[in-house]
Amino acid sequence: MQQRRQPQPVVLVVEDEPFIRMLGADVLEDAGFAVIEAANADEALRVLALRSDVAAVFTDVEMPGSIDGVALASRIHDRWPRIGVVLTSGRRVFGPDALPKTDRFVPKPYAPALLLVEIEAVIARAEGRDQ
């Protein structure tokens, strides 16, 4: 008898620097997540409009394009409220009071373990498993 595998949670990684995007994607894939990549917020919005399986978005704050990562997070909350958001930046720091309570922030350079903790936290909250 074959066991059914649980589907992997899907994380959209939004980062304009290819090497940093690849690093984040690798960390998440190694932890068992399915990963989709986008180079900016505009591309991320197009992906989200086409995919209903994204559980979390990990996005840089400062990127080229029509909106930054903070505006992307706001649009995600408005249109897809079940999707968790983790923001990152090497130039700006956001305290817990600066973000919606559902969002998390990981400063760059980020430790892979911290990234995983925060991604798992926003997914758990979106699924109603948080404390």
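Overview of values
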{"item": "The range 111-122 - phi-based ³J(HN,Hα) in whole Hz, Karplus 6.51/-1.76/1.60, Gly and Pro as x", "result": "7, x, 4, 5, 4, 5, 4, 6, 4, 4, 5, 6"}
{"item": "Sites excluded, trypsin sites (Lys or Arg not before Pro) in DSSP loops with at most 16 other C-beta within 10 Å, longest stretch of the chain", "result": "6-50"}
{"item": "Pair GLU43, GLN8: separation of 7 Å Cα→Cβ label points (nm)", "result": "1.9 nm"}
{"item": "Size descriptor, Kirkwood hydrodynamic radius, that averages inverse alpha-carbon separations across the chain, Å", "result": "14.7 Å"}
{"item": "Listed residues LEU114, LEU28, LEU72, most fluctuating in the chain (Gaussian network, C-alpha, under 10 Å)", "result": "LEU114"}
{"item": "DSSP-defined beta bridges in the range 10-126 - what % are antiparallel, rounded to 5", "result": "0 percent"}
{"item": "Amide H contacts of VAL13 (H built 1.01 Å from N, under 5 Å, at least 5 apart or other chain)", "result": "ILE36, GLU37, ALA38, PHE58"}
{"item": "Within a Gaussian network of the chain (alpha carbon springs, distance under 10 Å), most fluctuating of THR102, THR59, THR88", "result": "THR102"}
{"item": "Positive-end extreme of charge dipole, the chain - chosen from PRO81, ALA71, GLY32 (charges on Cβ)", "result": "PRO81"}
{"item": "Long-range amide H partners of GLY84 with built H, under 5 Å", "result": "ALA56, VAL57"}
{"item": "Three-way shape label, the range 9-71, alpha-carbon gyration tensor, a/c 1.5", "result": "oblate"}
{"item": "Chain lengthening between GLU62 and ASP30 when straightened (0.36 nm per residue, less Cα-Cα)", "result": "9.0 nm"}
{"item": "Relative contact order %, the range 10-126, counting alpha carbon pairs below 8 Å whose residues are six or more apart", "result": "23 percent"}
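Read the figures in this text as sums done on the coordinates, not as results from a lab. None of these values were measured; they are calculated from a predicted model. Glycine gets a Cβ as well: all are built from the backbone with ideal geometry, and neighbour counts include every protein chain shown.
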